Amino acid sequence: MTLAEARIRHQELATQIRGHDHAYYVLAQPKISDREYDHLSAALLQLESQFPELTTPDSPSQRVGGAPLKEFSSVTHESPMMSLDNTYSQGEVREFVSRLQRLLPDETLDWVVEPKVDGVAVSLRYEDGVLVQGATRGDGIRGDDITSNLRTIRSLPLRLTDPALPRSMEVRGEVFLPIAGFRRMNEERIAEGEEPFVNPRNAAAGSLKQLDSRLVAKRPLSIVLYGLGNVEGGNPPGTQEELLGWIRRLGLPSPVRHWRCQSIDDLLAAITELDRVRKEFPFETDGAVVKLNSIDLRQQAGTTSKAPRWAIAYKYETEKARTRLKAITIQVGRTGALTPVAELEPVFVAGSTVSRATLHNEDELARKDIRVGDLVLVEKAGEVIPAVTEVVLSERPPNAVPFVFPRRCPECRSEAVKVTRQDESEAGAAWRCPNPDCPGKIRGRLEHWCSRGAMDIEGGGEVLIAQLVKAGLVLDPSEFYRLKTSEVAALERMGERSAANFITAIETSKSRDLWRLLFGLGILHVGAGVAKRIAKRFRSLDDIEQATADRLMAVPDVGEAIAQSMVAWFQDPTNRQLVARLRSHGLNFKSSTFSELSAGGVFQGMTFVLTGTLPGGVSREQASARIESLGGKVSSSVSKKTHYVLAGEDAGSKLEKARQLAIPVIDYAEFLKLAGDASTPD
Ligand code: IVH
């Protein structure tokens, strides 16, 4: 293929992929299967690795993220990114409207109300239709250049194709995490033994702060655009309502709903209606934004030093409840993490009665100085997990003393160890119990085994498991499969019927998919997603048990930390015995999703030759395993039959030979793109 031909093909593929991204992420109406989509992406990446000059900043290949940055460079906003004044009552909205009417006495004013999405403000610059820069708000004057992180957001077009585009334009909006994505991400974090994020906004902010955009690419971030910054050339819209239509026509994600209002009564009705419908939105909103519709009149109204005069935010009341903190207990998780939990006087908040709430960790507890006996405010963070957010200091009992975080595990009295967190979650240091036989951990492991995301054993909840452990009936998952109905029925508050149901549920779980079993084992860093990918690549648990770290790392998204953790787990004699017992009880060890990748992998029919030292300590064996897992072959010498030479540093004569035979030489980064890997083994 000549470069000219490749360019045409590249354009075709890129256009198709852009169209499918829009159909899937913006319209939620996919037109092709995931598999077909993956084929298009693989073809594009392959073309780019053959013709690197085709890799432009707006290529769909940029979605997977690039090499990590040392730090963000800073960007000066062409016009400042302001914030909004907040209001909390209808009276304040009325005042706002009359204030503007006084400023613009001869004008008939109309308004637009939009949801105030709870995320992180960003500004994007498109030049000749191509996304060239994205920045955070920062202090409003200067922000961080987070372009590569923003490129990973699938609903955000990297190129706009409207014929009437301005030469350069800045669009502004909000990056956020949809609630479902937030929950999934937190479940994965908990399952992998990591601390969950407090709410979707923190998770979005934490994600955008990542210097490694390949990690950001794995976060299900989304974006909505609602404003314009500087525009050069073209004919930008004259009202907010037209602007929203224009944003949508350009293929950019726009607010899900907006209301155009012509009077204060309209406005108040829109604000009330939004409060009702926002509960159904798939993302969090914390208010309504009221904007003057005419962009011309906004110029006349002007700004104060911090906020425009032509818009305000109306903040909805977060449902909070006041209640007494009876005690602080320490919960021991499956991984041994010690989490402080507030034991509360039961109180009704946002649709349910809450009697326990998370206090996150020692640092959070100390920061808020929460003491037993305090009157506290409870709210649902992310509208799901209740949290104690504040103390009503004026109501503090005189004898309340600061809480001292225990240095021993409350379950087994082992001395706790402090683990410092190294990732972006703002959660501080966490304490863990190091004792593998800690009853708290045992219960956590058994609950995890029974959980809906793992072996899905109905009835295997906290209370029953605590009883089973206390009675010494079940101490590891294999012992569920020896339980007798009579033993369960003999437990307190257990009837014959529920005992029998539980035993049936245990029996049913024997035939669950292999990935559920693998996930259920609770291996550090092995979440449900990773378990699925591994189960797809290996024939059975026996295969997985034998796998070397290199073979595991040949699976996409499995980096060194995961691979090492798995190898270590399967080397531990206690764990091997557990696996053997599970096998003897007849649990399904076979993968039903195993795909023979050597048929149909992206390297199907291709021969590679490796030479030189690969970067990042990646061994030849690892690279070879990856090639083979995708259907390719590795040969030791370059010939006419070689498809690619993968060259590292200090490559020798093979490189020369490749040049003579005009065989494409690729480096490791290009190889990973070809292989469709979002990340290098880390
Ligand atoms: S307009 C001059 N519209 O709320 C600032 N902001 O409290 C114009 N936000 O900084 C902002 N949804 O990060 C606007 N539909 C919306 C919004 C929105 C969320 C955020 C934005 C802003 C903050 C102000």
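A few comments on the model shown:
- From Arg260, Arg219, residue being outside any loop (DSSP other than H, G, I, E, B) and of a type in the set (D, E, K, R): Arg260
- Checked against the criterion of being in contact with a helix residue (DSSP H, G or I) (Cβ under 9 Å, 6 or more places away or on another chain), β-branched (Val, Ile, Thr), assigned to a loop (DSSP other than H, G, I, E, B) and more than 16 Å from the ligand (Cβ to nearest atom), the stretch 136-152 contains one or more residues that satisfy it.
- Output for the stretch 589-606, where each listed residue is crowded, with 17+ Cβ neighbours inside 10 Å, farther than 17 Å from Arg516 by Cα and modelled with pLDDT of 70 or more: Val602, Phe603, Met606
- Residues of the stretch 272-286 classified as within 13 Å of the ligand (Cβ to nearest atom) and at pLDDT 95 or above, total: 1
- Residues of the stretch 153-185 that are in contact with a strand residue (DSSP E or B) (Cβ under 6 Å, 6 or more places away or on another chain), under 22 Å from Leu208 (Cα atoms) and outside any strand (DSSP E or B): Ile153, Ser155, Leu156, Leu158, Pro178.
- Summed over the stretch 171-194, residues that are surrounded by 22 or more Cβ atoms within 10 Å (Cβ to Cβ), more than 22 Å from Tyr25 (Cα to Cα) and of a type outside the set (A, V, I, L, M, F, W, C) total 0.
- Meets criteria (over 16 Å from Gly134 (Cβ atoms) and in contact with a Lys or Arg (Cβ under 9 Å, 6 or more places away or on another chain)) for Ala217: no
- Of all the residues in the stretch 279-335, those that are in a loop (DSSP other than H, G, I, E, B) and of a type in the set (Lys, Arg) number 3.
- Every residue from the stretch 222-257 that is more than 26 Å from the chain's Cα centre (by Cα), among the small types (Gly, Ala, Ser) and in a strand (DSSP E or B): Gly229
- So Leu524, is it of a type in the set (A, V, I, L, M, F, W, C), surrounded by fewer than 21 Cβ atoms within 10 Å (Cβ to Cβ) and in contact (Cβ under 8 Å) with a residue 60 or more places away in the chain: yes
- Any hit, the stretch 39-62, residues being loosely packed, with under 14 Cβ neighbours inside 10 Å and either at pLDDT below 85 or not in a helix (DSSP H, G or I) (or both): no
- Selected residue (only one of Asp296, Asp286, Asp275 is of a type in the set (D, E, K, R) and exposed (fewer than 14 other Cβ atoms within 10 Å of the Cβ)): Asp296
- Each residue in the stretch 608-665 was checked for being within 31 Å of the chain's Cα centre (by Cα) and either outside any helix (DSSP H, G or I) or on the phi > 0 side of the Ramachandran plot (or both), and 7 of them qualify.
- Residue, farthest from the chain's Cα centre (by Cα), within the stretch 304-323, restricted to residues that are among the polar types (S, T, N, Q) and surrounded by 14 or more Cβ atoms within 10 Å (Cβ to Cβ): Thr323
- Checking Val75, Val122, Val97, Val93 one by one, the residue that is among the β-branched types (Val, Ile, Thr), within 11 Å of the ligand (Cβ to nearest atom) and surrounded by 15 or more Cβ atoms within 10 Å (Cβ to Cβ) is Val122 and no other.
- The C-beta contact set for the stretch 388-414 (first residue at negative phi and part of a helix (DSSP H, G or I), second residue surrounded by 10 or more Cβ atoms within 10 Å (Cβ to Cβ) and of a type in the set (S, T, N, Q), distance under 8 angstrom, 6+ apart or interchain) is empty.
- Among the residues making up the stretch 238-261, those that are in contact (Cβ under 8 Å) with a residue 12 or more places away in the chain, of a type outside the set (A, V, I, L, M, F, W, C) and within 15 Å of the ligand (Cβ to nearest atom) are Thr239, Gln240, Glu241, Pro253, Ser254, Pro255, Arg257, His258, Arg260.
- Output for the stretch 306-328, where each listed residue is within 15 Å of the ligand (Cβ to nearest atom), modelled with pLDDT under 95 and among the small types (Gly, Ala, Ser): Ala307
The values are calculated or read from the model by the stated rules, or taken from the named source; none is laboratory data. Predicted, not measured: the structure shown is a model, and the values here were computed from it. All Cβ positions, glycine included, derive from the backbone under ideal geometry; neighbour counts span all protein chains shown.
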